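Everything on this sheet refers to the single structure shown next.
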């Protein structure tokens, strides 16, 4: 009776069954990956995958646009916006300023809502020419990365750039100090993220009624008058971690537990495969039990 040699049997089995080796390595790699994800999710903050759009993504999309105004806009001539935007976009009507979007609102989802928010957007300074105090534009939802029916909706936005004078030692105002940006947006409520939003703008709408915004078009919109000169402005965006929805500690613990349990099952399958491969083959047992079968006959028949 031959002795069981698990390592030798396993090695022989793996040498003669390459597909099984590939399958085993895939299972083992997947198990290690799940273990790594499970440990990472328990020790680090993880973004909620159920939230497809948050305010950080909306603001980043706005910062990725190039806002262009006609050169004669500063001379008092209002530019004519593309016809497709003037027809399909809602009028910039006055609404009561709202600092947030109620999650359980009784209003119709198609009703427009007006927000005035303090956002981490900054106008990139230009080498020549002065920067505008505010910009107004009508943009499509698809320009912000929205899909489906939300991408066909239009948003009425106004960006207002403020600067706070720096106080000197004697209390008088000196050179320009810090700056901040406010975003006023009017859009259907259902296309705006139902997630934590930026804080309310510290400046009321009534305080800037004397300033008329510059009407701008984005770089993705078609200029119907190619002979007009466009002056374009860029913005930079600093993500605000508080605007990103993260998984709670309980959710991360549960996700990590599930990942580790799945990886344990995969490792168990790998162990079963190794055990089956270490068993002696019946064919090899038959040849080992009768050594004369492997020898050549002494006398030819």
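The values are calculated or read from the model by the stated rules, or taken from the named source; none is laboratory data. If you're wondering where the values come from, they're calculated on a predicted model, not measured in any experiment. Counting neighbours? That spans all protein chains shown, and the Cβs are built from the backbone with ideal geometry, glycine included.
Find the residue count for the stretch 161-191, including only residues that are closer than 21 Å to residue 235 by Cα and modelled with pLDDT of 90 or more.
Going through the stretch 161-191 one residue at a time, the tally reaches 6.
For the stretch 195-208, filtered to residues that are at pLDDT 85 or above and either surrounded by fewer than 16 Cβ atoms within 10 Å (Cβ to Cβ) or part of a strand (DSSP E or B) (or both), the residue that is nearest to the chain's Cα centre (by Cα) is 196.
Taken over the stretch 1-51, the residue count meeting the criterion of being assigned to a helix (DSSP H, G or I) and farther than 30 Å from residue 252 by Cβ is 18. Before we move on, is residue 261 surrounded by 11 or more Cβ atoms within 10 Å (Cβ to Cβ), assigned by TED's automatic domain parsing to the domain that holds residue 19 and modelled with pLDDT of 70 or more? For residue 261, the condition - surrounded by 11 or more Cβ atoms within 10 Å (Cβ to Cβ), assigned by TED's automatic domain parsing to the domain that holds residue 19 and modelled with pLDDT of 70 or more - is met. For the stretch 112-129, a residue qualifies if it is under 20 Å from residue 217 (Cβ atoms) and either modelled with pLDDT under 75 or part of a loop (DSSP other than H, G, I, E, B) (or both), and the qualifying residues are 124, 126, 129. Every listed requirement among (1) modelled with pLDDT of 55 or more; (2) part of a helix (DSSP H, G or I); (3) more than 30 Å from residue 150 (Cβ to Cβ) is met by residue 57 save one, (3).
Considering the conditions (1) surrounded by fewer than 17 Cβ atoms within 10 Å (Cβ to Cβ); (2) closer than 27 Å to residue 117 by Cα; (3) within 30 Å of the chain's Cα centre (by Cα); (4) at pLDDT below 90, residue 44 is excluded by exactly one of them, (2). Per this entry, residue 211 is counted among residues that are exposed (fewer than 14 other Cβ atoms within 10 Å of the Cβ), touching a strand residue (DSSP E or B) at 6+ places or on another chain (Cβ under 9 Å) and modelled with pLDDT under 90. The set of residues from the stretch 141-157 being touching a residue at least 12 places away in the same chain (Cβ under 8 Å), more than 14 Å from residue 218 (Cβ to Cβ) and either outside any loop (DSSP other than H, G, I, E, B) or over 23 Å from the mean Cα position of the chain (by Cα) (or both) comprises 150, 152.
The residue of the stretch 9-37 that is modelled with the highest pLDDT, among those that are surrounded by fewer than 12 Cβ atoms within 10 Å (Cβ to Cβ) and over 30 Å from residue 258 (Cβ atoms), is 18.
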